[in-house]
1. Taking Tyr84, is it of a type in the set (Ser, Thr, Tyr) and either free of Cβ contacts under 8 Å to residues at least 60 places away in the same chain or open to solvent by less than 40 Å² (accessible area, probe 1.4 Å) (or both)?
2. Which of the following residues is of a type in the set (S, T, N, Q), without any contact (Cβ under 8 Å) to a residue 12 or more places away in the chain and farther than 25 Å from Pro54 by Cβ: Thr101, Thr90?
3. For the range 148-196, which residues satisfy the criterion of being in contact with a helix residue (DSSP H, G or I) (Cβ under 9 Å, 6 or more places away or on another chain) and loosely packed, with under 12 Cβ neighbours inside 10 Å?
4. Kindly establish whether Ala9 is touching a residue at least 40 places away in the same chain (Cβ under 8 Å), within 26 Å of Val179 (Cα to Cα) and out of contact with any helix residue (DSSP H, G or I) (no Cβ under 8 Å at 6 or more places or on another chain).
5. Looking for something open to solvent by less than 40 Å² (accessible area, probe 1.4 Å), in contact (Cβ under 8 Å) with a residue 12 or more places away in the chain and part of a helix (DSSP H, G or I) - is there at least one such residue anywhere in the range 106-126?
6. Taking the range 127-147 only, how many residues are open to solvent by less than 50 Å² (accessible area, probe 1.4 Å), outside any helix (DSSP H, G or I) and in contact (Cβ under 8 Å) with a residue 60 or more places away in the chain?
7. Which residues, counting only those in the range 182-204, are assigned to a strand (DSSP E or B) and out of contact with any Leu (no Cβ under 8 Å at 6 or more places or on another chain)?
8. Given the structure, is Arg25 closer than 24 Å to Ile172 by Cβ and either out of contact with any Asp or Glu (no Cβ under 8 Å at 6 or more places or on another chain) or surrounded by 15 or more Cβ atoms within 10 Å (Cβ to Cβ) (or both)?
Amino acid sequence: AELKFDGLAINLRYERGVLVQATTRGDGETGEDVTQNIRTIRQIPLRLKDCDVPVLEIRGEVYMRRDDFEKLNAELRDLGEQTYMNPRNTVGGVVRLLDSTIAAKRPLSFFAYGLGEVNGWAIPNTHSEVLDALKDMGLPVSDERAVVRGAQGLVEFHRRIEAKRDSLPFDIDGVVYKVNDISLQKQLGMRERNPRWALAHKLE
């Protein structure tokens, strides 16, 4: 069970441990190339730690912390410039900016939450172990996650997150439940755009 971040989904492609491309999710097949702007996000490593596999694609979310959003808008107001409506729209606009020097001045953050194409890496047996491995490679992974058993475990996670939602430093719009066993994920497969092994549970 994990958080459902309210930002912009991004796919990071690493070859031999080096970031070579970053794209938006787009329609699930084709996204926009936003590599230059993503390179300016300090949390995203340009080179992974102890990882030299041919291809490792990381899926995650670019977001903006609430305090960074408020600070940015205050600076824009002082300059007499137009302010942003909310953190989510800000992220979408900044990631797609044509000028990466402006993007570099915008305080974006990132959380990794899954895999895309993998070539040459022995994928761990469970999703929770995948996240631990990504963290070891230097990618930011949210600590607000849990391995639970049964419907009651999912409900308890949802209630716990709902209770602390306002105290989180960033926006979420729900939680996501994922089948932890990677072999079961493969058996369940995909729908058109979304996996059958993952389910979002929105918050009020």
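1. On the way: of a type in the set (Ser, Thr, Tyr): yes; either free of Cβ contacts under 8 Å to residues at least 60 places away in the same chain or open to solvent by less than 40 Å² (accessible area, probe 1.4 Å) (or both): yes.
For Tyr84, the condition - of a type in the set (Ser, Thr, Tyr) and either free of Cβ contacts under 8 Å to residues at least 60 places away in the same chain or open to solvent by less than 40 Å² (accessible area, probe 1.4 Å) (or both) - is met.
2. Numbers: Thr90 fails: without any contact (Cβ under 8 Å) to a residue 12 or more places away in the chain.
Unique residue meeting the criteria: Thr101.
3. The one that is in contact with a helix residue (DSSP H, G or I) (Cβ under 9 Å, 6 or more places away or on another chain) and loosely packed, with under 12 Cβ neighbours inside 10 Å: Pro169.
4. Details: touching a residue at least 40 places away in the same chain (Cβ under 8 Å): yes; within 26 Å of Val179 (Cα to Cα): yes; out of contact with any helix residue (DSSP H, G or I) (no Cβ under 8 Å at 6 or more places or on another chain): yes.
Taking the combined requirement at face value, the residue satisfies it.
5. No - not one qualifying residue is present in the range 106-126.
6. To start, the set of residues in the range 127-147 that are open to solvent by less than 50 Å² (accessible area, probe 1.4 Å) comprises 127-128, 130-131, 133-134, 137-142, 144, 146.
After this cut, where a residue has to be outside any helix (DSSP H, G or I) as well, the list is 137-142, 144, 146.
Those still in the list that are in contact (Cβ under 8 Å) with a residue 60 or more places away in the chain too: 137-140, 142, 144, 146.
The total comes to 7.
7. Step one: filter the range 182-204 for residues assigned to a strand (DSSP E or B), giving 190, 195, 198-202.
Scanning the range 182-204 gives Met190, Ala198, Leu199, Ala200, Lys202.
8. Working: closer than 24 Å to Ile172 by Cβ: yes; either out of contact with any Asp or Glu (no Cβ under 8 Å at 6 or more places or on another chain) or surrounded by 15 or more Cβ atoms within 10 Å (Cβ to Cβ) (or both): yes.
Answer is yes for this residue.
The values are calculated or read from the model by the stated rules, or taken from the named source; none is laboratory data. What you see is a predicted model; the values in this text were computed from it and never measured. Counting neighbours? That spans all protein chains shown, and the Cβs are built from the backbone with ideal geometry, glycine included. The accessibility values were calculated without ligands, DNA or RNA, using every heavy atom of the protein model including side chains. Shrake-Rupley method; radii C 1.70, N 1.55, O 1.52, S 1.80 Å.
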